[in-house]
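K.L.:
Pasting in a structure now, in structure tokens, and then I'll have a few things to ask.
Just so it is clear, none of the values below were taken in a lab; they were calculated from the coordinates. Because the structure is a prediction, the values reported are computed rather than measured. Cβ placement follows ideal geometry from the backbone for every residue including glycine, while neighbour counts extend to all protein chains displayed.
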Amino acid sequence: MLKMRRIDAKQRKITEKKSDENYTPLRLRNRYYDPQSKKENNKTKKEQWENKQLHGQHPYYLKQEDIDEAASDMWLMEGRLFPETEGFIIAIQDKVINTKNYRKYILQDKTLTDDKCRICNQQQETIEHIIAGCSILASIDYIRRHDNVAKIEHKRTYLVEIAVPLTNNLQRKHTEKIQRYIELAAEIKDMWEQREVKIMAVILSTTAVIPHALHRAIQQLQIPEMIYKEMQKAVILDTCALTRKFLQH
Ligand SMILES: [Zn+2]
């Protein structure tokens, strides 16, 4: 409960700020940026988080067979993100974000007449909707996040499909992407007279959960194994940035 309040307070502080402020060099002065002390700090944070999160969905997802739990927590262990961003992505994973749905049903805010999305006005404004489901954000923000992962994954002569779905859709998305490409791969194989056309799905979740399949794809692409950390960081930064921007509306 204490931890929950801490995150709420932290998050309020964040949303009141302009998002840019979170990335200024001025913040480098903060003592948390000392890499050594930060590492220690993160270990404790991870423990506290796991203890607190027993009832949450996020730890449940991390225990699924197709998920690489250690890799999924890598961003937290490595401590290369600013504390504001760490706090914010944890709040997003825990779904303690000040969405209209959260205010109406969890905080029981009687002043809200509905919980429709403030941007598209179509669906319920939940955190899942903000980070992956809003039709208006899809045209710019989700594409940007997708492209930022693509920039990290240097393309080669493979059919590479990149996706950043919600955590609970990871497995389904993987199958979907592969299936969509099977026919195309066969066509290309004939057309270009290739011996083999490989289909690769580079997929990690909106809240940075890493499936084992991502490591396999990276291996087959023969790009540096540790590149998943860069992809994870890119996704966290974009998910946090678009959520912050959304909440400022
Ligand atoms: Zn919307």
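K.L.:
Among the listed pairs K95/K245; K177/K233; K95/K233, give every one whose C-alpha distance is greater than 21 Å.
P.N.:
Pairs exceeding 21 Å: K177/K233.
K.L.:
Please list, in order along the stretch 213-223, the HN-Hα scalar couplings obtained from phi with the Karplus expression 6.51 cos²θ - 1.76 cosθ + 1.60 (θ = phi - 60°), rounded to whole Hz, x for Gly and Pro.
P.N.:
Calculated HN-Hα couplings, in order: 4, 5, 4, 4, 4, 4, 4, 5, 6, 6, 10 Hz.
K.L.:
Among E128, E78, rank each residue by its count of other Cβ atoms within 10 Å, from fewest to most, as a rough exposure measure.
P.N.:
E78, E128
K.L.:
Now for a different question. Taking amide H positions as placed in the peptide plane 1.01 Å from N, state which residues far from L159 in sequence (5 or more) or on other chains have amide H under 5 Å from it.
P.N.:
For L159, the qualifying residues are K198, M200.
K.L.:
Right, something else. What ³J(HN,Hα) values, in whole Hz, does the Karplus curve 6.51 cos²θ - 1.76 cosθ + 1.60 give for the stretch 181-196 when θ = phi - 60°, with x put for Gly and Pro?
P.N.:
Taking θ as phi minus 60°, the curve returns 9, 4, 5, 4, 4, 4, 4, 5, 4, 5, 4, 9, 6, 8, 6, 8 Hz for the stretch 181-196.
K.L.:
If we count other beta carbons within 10 Å of each Cβ, what is the order of C120, C240, fewest first?
P.N.:
C120, C240
K.L.:
If you don't mind, there's one more thing I want to ask. Residue by residue through the stretch 112-119, what is 3J(HN,Hα) from phi via Karplus (6.51 cos²θ - 1.76 cosθ + 1.60, θ = phi - 60°)? Round to whole Hz and write x for glycine and proline.
P.N.:
Ordered by residue, 3J(HN,Hα) equals 8, 7, 8, 10, 6, 4, 5, 9 Hz.
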